[in-house]
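Colleague: Have a look at the structure that comes next, please.
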Amino acid sequence: MGVMREFNRDALGFIERMQRDYGDIVWSRFLYVPALFLYHPNEIESVLTTNAKNFRKAMTLRSNFFQRLVGNGLLTSEGEEWKRKRRLSNPAFHRERVATYATTMVDYAKRLTANWRNGETRDMHRDMMRLTLEIVVRCLFSADVSHDVDHVGETLAAMVKPFAAQATLKWILNNRLPTPEHVRFHRLARKIDKVVYRIIAERRASGKDEGDLLSMLLAVQDEDGSGMNDQQLRDEVMTLFLAGHETTALTLAWSWYLLGQNPEAEKRFHAELGSVLGDGDATFADLSRLKYTEQIVKESMRLYPPAYGLGREAIKDCEIGGYHVPPGTQVFMFQWATHRDARFFEAPLRFKPERWTAEFEAQLPKYAYFPFGAGPRACIGASFAMMEMVLVLATIGQRFRLQLDPNHPVETYPAMSLRPKDGVKVKVERRNP
Ligand code: HEM
């Protein structure tokens, strides 16, 4: 079994223990598959950037479940096909373009809080998932999913569940055989396909150029004049549905949790909102002055990185840190561990947004902090996400103070991304009622 059982029992604890017991480079095995765990920024740099050509995405991304979910979109494709997709999608994520999404982000956050009642208890994980899904779909596909949002959110949440236990025989079997779990997964996938295909069909029917990512993808033509078919479009849209909302929602949920635990930081956060925004709505122009809010986001992604681990597979013989690595080796790097490494972060377990000064960032080894990955496959939506997270925190923080529910302990749940196990329950208190 290799380390499968141990990993599955307590993934985060296992990740930490391996480094503590064996150091920065650890050989291991999941069933018959050789695995290498890398903890030091130097080796992480080598895999993600310097020698990126020696690797492709890890085998888990090629599983049936994952393929059914996002197909062969930007996140999962490789080689020339990936390059073409990345080139196609890039314009939607350029800085000037991303700036135009700011108003939507603020408006949707305001719309969410408009329904909040003073003193009520809310689950911020759930609220943030809804909000970020609505935002990404509106910004990139000019579509409104407010009627489907609960349904889509719940379907996605139910679909990603199997990833919580990827390193189990049960998961491997469910992935390949028509077990009840397998059948259920595929039924849910069909449900969510319907929403995505509807968005595509509506745009094809209207023939309108909205100037958004969907119009760009629809306009793409190969040399022979053929465009993307519905299946290819579905894969791209679904990839962005998933990659573009869950991670952002999680960072927001963890940020509320950390602010709730750290009243001094919360005070400073509110003070910044008061001095920079007053009663006005946050805009793109305010971003450069919402410094502390941005530091909160960075510190939250350090302690609770939504992508808590990255995987690659060696495709040719290579060397890492003096060790020979044969093709087929699965190589894992863990933001969860490296972001909490005392060699790079003083008092690593403490929430200290103020540590993120320009001087600190300048001396930090580049690959000691990599919430968005790095190298050619780095997150395409990083500036989209940073802007969204700062604007959403600011817009909600201006209106409400969020107090953690003392009867609701928050635990980590390392599924496909790092979730709060049963959400983050808070009492919302209107500021300046
Ligand atoms: C806090 C928010 C986010 C985090 C932490 C995050 C993290 C990541 C990471 C770590 C990767 C690299 C995966 C790898 O190397 O295997 C990635 C890739 C990607 N992300 Fe994000 N992401 C976030 C937000 C977004 C948003 C808002 C979008 C789109 C709107 C997005 C779209 C993508 C896509 C399409 C890829 C694949 C890029 C490629 O392979 O060329 N992400 N993200």
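Colleague: Quick check on segment 82-236: take the gyration tensor over C-alpha atoms, sort the square-rooted eigenvalues as a ≥ b ≥ c, and tell me if it's rounded (a/c under 1.5), prolate or oblate.
Modeller: Since a/c reaches 1.5 but b/c is at least a/b, the shape of segment 82-236 is classed as oblate.
Colleague: Roughly how big is the chain's charge dipole about its Cα centre, with Cβ charges of +1 (Lys, Arg) and -1 (Asp, Glu), in debye to the nearest 20? Present the calculation step by step, with values, prior to reporting the outcome.
Modeller: Numbers: 60 positive and 54 negative charges, 158 e Å.
Computed about the Cα centre, the dipole is about 760 debye.
Colleague: Where the only charges are on Cβ atoms (+1 Lys, Arg; -1 Asp, Glu), what is the dipole of segment 311-405 about its Cα centre, to the nearest 20 debye?
Modeller: Using Cβ point charges on Lys, Arg, Asp and Glu, segment 311-405 gives about 200 debye.
Colleague: If eta is 0.890 mPa s and T is 25 °C, what Stokes-Einstein diffusion coefficient results for the chain, Kirkwood Rh from Cα pairs, in µm²/s? Please list the in-between numbers first.
Modeller: Numbers: Rh = 22.7 Å.
D = 108 µm²/s.
Colleague: Sticking with this structure for a sec: Just order 273-280, 134-141 by mean Cβ neighbour count inside 10 Å, highest at the front, would you?
Modeller: 134-141, 273-280
Colleague: Taking all pairs of different Cα atoms in segment 37-146, averaging 1/r and flipping that mean, what Kirkwood radius in angstroms comes out?
Modeller: Hydrodynamic radius (Kirkwood, Cα pairs) of segment 37-146 is 17.6 Å.
Colleague: In square angstrom, rounded to the nearest 10, how much accessible surface does Ile172 have for a 1.4 Å probe?
Modeller: Its heavy atoms expose roughly 50 Å² to the probe.
Colleague: According to the square roots a ≥ b ≥ c of the eigenvalues of the Cα gyration tensor, what is the shape class of segment 218-332, taking rounded for a/c under 1.5, prolate for a/b larger than b/c otherwise, and oblate for the remainder?
Modeller: oblate
Colleague: Carbon and sulfur: what percent of the chain's accessible surface (1.4 Å probe)?
Modeller: 51 percent
Colleague: Which value, in debye to the nearest 20, describes the size of the charge dipole of segment 218-345 about its Cα centre when Lys and Arg Cβ atoms bear +1, Asp and Glu Cβ atoms bear -1, and nothing else is charged?
Modeller: On the way: 11 positive and 19 negative charges, 163 e Å.
In total the dipole reaches around 780 debye.
Colleague: May I pose another question? Under a 5 Å amide H to amide H cut-off, with H placed in plane at 1.01 Å, what residues pair with Val325 once short-range neighbours are removed?
Modeller: Cys318, Glu319, Ile320
Colleague: Provide the per-residue ³J(HN,Hα) series for segment 173-180, in order, calculated from phi with Karplus coefficients 6.51, -1.76, 1.60 and θ = phi - 60°, each as a whole number of Hz, with x at glycine and proline positions.
Modeller: 5, 4, 5, 10, 10, x, 6, x
Colleague: Now for a different question. Amide H to amide H under 5 Å from Gly2: which residues, 5+ apart in sequence or cross-chain, H placed 1.01 Å off N in plane?
Modeller: Long-range HN contacts for Gly2: Leu31.
Colleague: Within 10 Å of each candidate Cβ there may be at most 11 other Cβ atoms; applying that plus a DSSP loop requirement, which GluC sites (Glu not before Pro) in segment 36-129 survive?
Modeller: Filter output for segment 36-129: Glu120.
Colleague: Quick one: which of 57-67, 335-345 comes out on top by average Cβ neighbours within 10 Å, and what's the full order, highest first?
Modeller: Ranked from most to least packed, the peptides come out as 335-345, 57-67.
Colleague: Sequence neighbours fewer than 8 away in the same chain don't count; with that in mind, list the aspartates and glutamates whose C-alpha is under 16 Å from Lys427.
Modeller: The qualifying aspartates and glutamates are Glu120, Asp123, Asp127, Glu266, Asp405.
Colleague: Same structure again: I need the peptides 382-395, 365-378 ranked by packing, meaning the mean over residues of other C-beta atoms within 10 angstrom, with the highest value on top.
Modeller: 382-395, 365-378
Colleague: Same structure again: Taking a probe of 1.4 Å, how large is the accessible area per residue of the chain, in Å²?
Modeller: Each residue of the chain exposes 44 Å² on average to a 1.4 Å probe.
Colleague: Using amide H atoms built 1.01 Å from N in the peptide plane, name the residues 5+ places from Glu210, or on other chains, whose amide H lies under 5 Å from its own.
Modeller: Ser215
Colleague: Taking Lys53 as the anchor, which aspartates and glutamates have their alpha carbon closer than 20 Å to its alpha carbon, excluding any fewer than eight residues away along the same chain?
Modeller: Straight-line reach from Lys53, under 20 Å: Glu43, Glu45, Glu78, Glu80, Glu81, Glu313, Asp317, Glu319.
Colleague: Moving on. Output ³J(HN,Hα) for segment 215-221: one whole-Hz value per residue in order, computed from phi by the Karplus curve 6.51 cos²θ - 1.76 cosθ + 1.60 with θ = phi - 60°, and x for Gly and Pro.
Modeller: 5, 4, 5, 5, 7, 5, 10
Colleague: Restricting to DSSP H runs of at least four residues, report the calculated mean residue ellipticity at 222 nm for the chain, -39500 (n - 2.57) per run over all residues, nearest 500 deg cm²/dmol. Walk me through the numbers on the way to the answer.
Modeller: Values: 19 runs with 217 residues, N = 433.
So the helix-based figure for the chain works out to -15500 deg cm²/dmol.
Colleague: If I stretch the segment between Ala157 and Ala201 completely, what's the gain in nm (0.36 nm per residue apart, minus their alpha carbon distance), one decimal? Can you show the working numbers first?
Modeller: Numbers: separation 44, 0.36 × 44 = 15.84 nm, distance 2.49 nm.
Stretched out fully, the Ala157 to Ala201 stretch lengthens by 13.4 nm.
Colleague: Using only C-alpha atoms and all pairs of different ones, pull out the Kirkwood radius for segment 284-433 in Å with one decimal. Don't skip to the end; give the middle numbers.
Modeller: Values: mean 1/r = 0.0559 Å⁻¹.
So the Kirkwood estimate lands at 17.9 Å.
Colleague: For segment 377-389, what does the Karplus curve 6.51 cos²θ - 1.76 cosθ + 1.60, with θ = phi - 60°, yield as ³J(HN,Hα) per residue in whole Hz, taken in order and with x for Gly and Pro?
Modeller: So the J values, rounded to whole Hz, are 9, 4, 4, 6, x, 4, 6, 4, 5, 4, 5, 4, 5.
The values are calculated or read from the model by the stated rules, or taken from the named source; none is laboratory data. The shown structure was predicted, so the numbers you read here are calculated from the model rather than taken from an experiment. In this analysis, Cβ positions are derived from the backbone assuming ideal geometry, glycine residues included, and neighbour counts consider all displayed protein chains. Heavy atoms of the whole protein, side chains included, go into the accessibility calculation; ligands, DNA and RNA do not. Shrake-Rupley method; radii C 1.70, N 1.55, O 1.52, S 1.80 Å.
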